[in-house]
Amino acid sequence: MKKFSAILSSAVLSAVMLSGCARTNKTINSAEDLAGATIAVQMETTGDAYASALEEPEDGKEPARIERFDAGADAVNALKQGKVDCVIIDDGPAQVYVQNNSDLKILPDAFADEEYAIAVKKGNTELTEKLNAALEELESDGTLQKIVDNYTGDETKGSFVYTSPADIKRENGTLVMATNAQFPPYEMVENGNIVGIDADMMRAVCDKLGMELEIEDMKFDEIITAVKQGKVDVGVAAMTVDESRLKEVDFTRTYAKGKQVIIVKK
């Protein structure tokens, strides 16, 4: 692809990428089979980072080819259409996609555990401390776990719909949250509203802080920049805390954990 980019115009190159190129047929039974595979990921996510390491392997294995998409659902559709061999994505969304697509499955191989936290502009310790205090309260009283359970698991799903107390006084302004509403069960659009674990959690956080919550939907790879530039107050999108992001923004305490998994066709 690097050789073609020097020859083709950007418009033609974009068309080639969007077309999904040639259909693939490599069988993926484990992470060991990823060498030489065509892998779909959501752009700038942790899955993208893991897959990127396979593009230029140091162990002499065949390089993988990475197809990057703005939304996880688009990556999954590419898999269903035979344009890629697998998808690497967080286990939460993976469970949702597999439940909704009987022709897909999740391989038992999983990458390292990761922690999700709220991104805050660097140096904004006052807001970070307030968010941490609210998260600690929500964890202690069981609200946070109930919110997670409401969107996950066969027996607990739909069992706890978070509702703000009627007597909340919102006298401390508005908290603007950036997210990417293409990542169920953490954030998705239902009936024109952004819902999910992250949305409900931040509503609960704002209830604790006496603030209104405003949610802005954007591409995942735009969230960190929006937080850095002060266009939004926080970034909340099942965002993994890693060294590269810590150079750009601060993070609150962990509110959930996940891992990267591989989705393939059955």
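The values are calculated or read from the model by the stated rules, or taken from the named source; none is laboratory data. Quick caveat: nothing in here was measured; it's all calculated off a predicted structure. Cβ: placed from backbone, ideal geometry, glycine included. Neighbour counts: every protein chain shown.
Just to be sure I understand the filter: pairs with C-beta atoms under 7 Å, separated by 6 or more residues or on different chains, first member in segment 128-141 and within 21 Å of LEU246 (Cβ to Cβ) and in contact (Cβ under 8 Å) with a residue 40 or more places away in the chain, second member surrounded by 14 or more Cβ atoms within 10 Å (Cβ to Cβ) and aromatic (Phe, Trp, Tyr). Which pairs pass?
Note: pairs meeting the criteria are LEU135/TYR255.
Criterion first (more than 21 Å from GLY92 (Cα to Cα) and either at pLDDT 95 or above or of a type in the set (Asp, Glu) (or both)) does ASP221 satisfy it?
On the way: more than 21 Å from GLY92 (Cα to Cα): no; either at pLDDT 95 or above or of a type in the set (Asp, Glu) (or both): yes.
No; evaluated as a whole, the condition is false for this residue.
Consider LYS259 against the criteria (1) surrounded by 15 or more Cβ atoms within 10 Å (Cβ to Cβ); (2) assigned by TED's automatic domain parsing to the domain that holds LEU131; (3) not in a helix (DSSP H, G or I): it satisfies all of them except one. Which criterion is unmet?
Evaluating LYS259 over (1) surrounded by 15 or more Cβ atoms within 10 Å (Cβ to Cβ); (2) assigned by TED's automatic domain parsing to the domain that holds LEU131; (3) not in a helix (DSSP H, G or I) leaves (2) as the failure.
Could we say that ILE223 is more than 20 Å from GLN99 (Cβ to Cβ), within 16 Å of the chain's Cα centre (by Cα) and in a strand (DSSP E or B) here?
So ILE223 does not fit the description; no.
Can you list residue pairs whose Cβ atoms sit under 7 Å apart, with the first residue in segment 206-220 being closer than 24 Å to GLN42 by Cα and in the same structural domain as PRO165 (by TED's automatic domain parsing) and the second being among the β-branched types (Val, Ile, Thr) and at pLDDT 95 or above? Count only pairs 6 or more apart in sequence or on different chains.
Correct list of pairs: ILE215/THR179; ILE215/ILE194; GLU216/VAL176; GLU216/VAL232; ASP217/THR179; ASP217/ILE194.
Within segment 139-150, identify whether any single residue is closer than 20 Å to ILE194 by Cβ, under 19 Å from the mean Cα position of the chain (by Cα) and modelled with pLDDT of 95 or more, and answer yes or no.
Our first condition is that a residue be closer than 20 Å to ILE194 by Cβ; within segment 139-150, this holds for 143-144, 146-150.
In the following step, the residues that additionally are under 19 Å from the mean Cα position of the chain (by Cα) were identified as 144, 147-150.
Narrowing the set further to residues that are modelled with pLDDT of 95 or more leaves 144, 147.
Yes, that holds for at least one residue.
So which residues in segment 154-166 are under 20 Å from GLU190 (Cα atoms) and exposed (fewer than 12 other Cβ atoms within 10 Å of the Cβ), if there are any at all?
ASP154, GLY158, SER159, VAL161, THR163
Consider ILE88 against the criteria (1) surrounded by fewer than 20 Cβ atoms within 10 Å (Cβ to Cβ); (2) in a strand (DSSP E or B); (3) in contact (Cβ under 8 Å) with a residue 60 or more places away in the chain: it satisfies all of them except one. Which criterion is unmet?
Against the list (1) surrounded by fewer than 20 Cβ atoms within 10 Å (Cβ to Cβ); (2) in a strand (DSSP E or B); (3) in contact (Cβ under 8 Å) with a residue 60 or more places away in the chain, ILE88 comes up short only on (1).
Scan VAL195, VAL161, VAL234 and give me the residue that is among the β-branched types (Val, Ile, Thr), under 20 Å from LEU131 (Cβ atoms) and outside the structural domain of MET43 (by TED's automatic domain parsing).
Result: VAL234 is the single residue among VAL195, VAL161, VAL234 that is among the β-branched types (Val, Ile, Thr), under 20 Å from LEU131 (Cβ atoms) and outside the structural domain of MET43 (by TED's automatic domain parsing).
Looking at segment 211-232, can you tell me whether even one residue there is in contact with a Leu (Cβ under 6 Å, 6 or more places away or on another chain), crowded, with 23+ Cβ neighbours inside 10 Å and under 29 Å from GLY142 (Cβ atoms)?
Within segment 211-232, not a single residue is in contact with a Leu (Cβ under 6 Å, 6 or more places away or on another chain), crowded, with 23+ Cβ neighbours inside 10 Å and under 29 Å from GLY142 (Cβ atoms).
Take segment 185-205 and flag every residue that is over 18 Å from LEU144 (Cβ atoms), within 16 Å of the chain's Cα centre (by Cα) and not β-branched (Val, Ile, Thr).
Result: MET188, single match.
On the given criteria, is LYS169 surrounded by fewer than 20 Cβ atoms within 10 Å (Cβ to Cβ) and more than 21 Å from the chain's Cα centre (by Cα)?
Here the answer is yes, as LYS169 does meet what is asked.
Taking the stated definitions as given, is SER19 closer than 20 Å to GLU222 by Cα, at pLDDT below 90 and among the hydroxyl-bearing types (Ser, Thr, Tyr)?
Against the criterion (closer than 20 Å to GLU222 by Cα, at pLDDT below 90 and among the hydroxyl-bearing types (Ser, Thr, Tyr)), SER19 does not qualify.
Looking only at segment 99-133, filter to residues that are modelled with pLDDT of 95 or more and within 16 Å of the chain's Cα centre (by Cα); which one of those is nearest to ILE262 (Cα to Cα)?
TYR116
Could you check, for segment 51-69, whether at least one of its residues is buried (at least 17 other Cβ atoms within 10 Å of the Cβ), in a helix (DSSP H, G or I), modelled with pLDDT under 95 and in contact with a Lys or Arg (Cβ under 9 Å, 6 or more places away or on another chain)?
Within segment 51-69 (the criterion being buried (at least 17 other Cβ atoms within 10 Å of the Cβ), in a helix (DSSP H, G or I), modelled with pLDDT under 95 and in contact with a Lys or Arg (Cβ under 9 Å, 6 or more places away or on another chain)), the answer is yes, since at least one residue qualifies.
Report yes if some residue within segment 186-195 is of a type in the set (A, V, I, L, M, F, W, C) and over 21 Å from ALA71 (Cβ atoms); otherwise report no.
Looking for residues that are of a type in the set (A, V, I, L, M, F, W, C) and over 21 Å from ALA71 (Cβ atoms), one finds none in segment 186-195, hence no.
Select from segment 93-128 the residues that are of a type in the set (Phe, Trp, Tyr) and either assigned to a strand (DSSP E or B) or touching a Lys or Arg at 6+ places or on another chain (Cβ under 9 Å) (or both) and list them in ascending order. Can you show your working first?
Step one: filter segment 93-128 for residues of a type in the set (Phe, Trp, Tyr), giving 97, 111, 116.
Those that are of a type in the set (Phe, Trp, Tyr) and either assigned to a strand (DSSP E or B) or touching a Lys or Arg at 6+ places or on another chain (Cβ under 9 Å) (or both): PHE111, TYR116.
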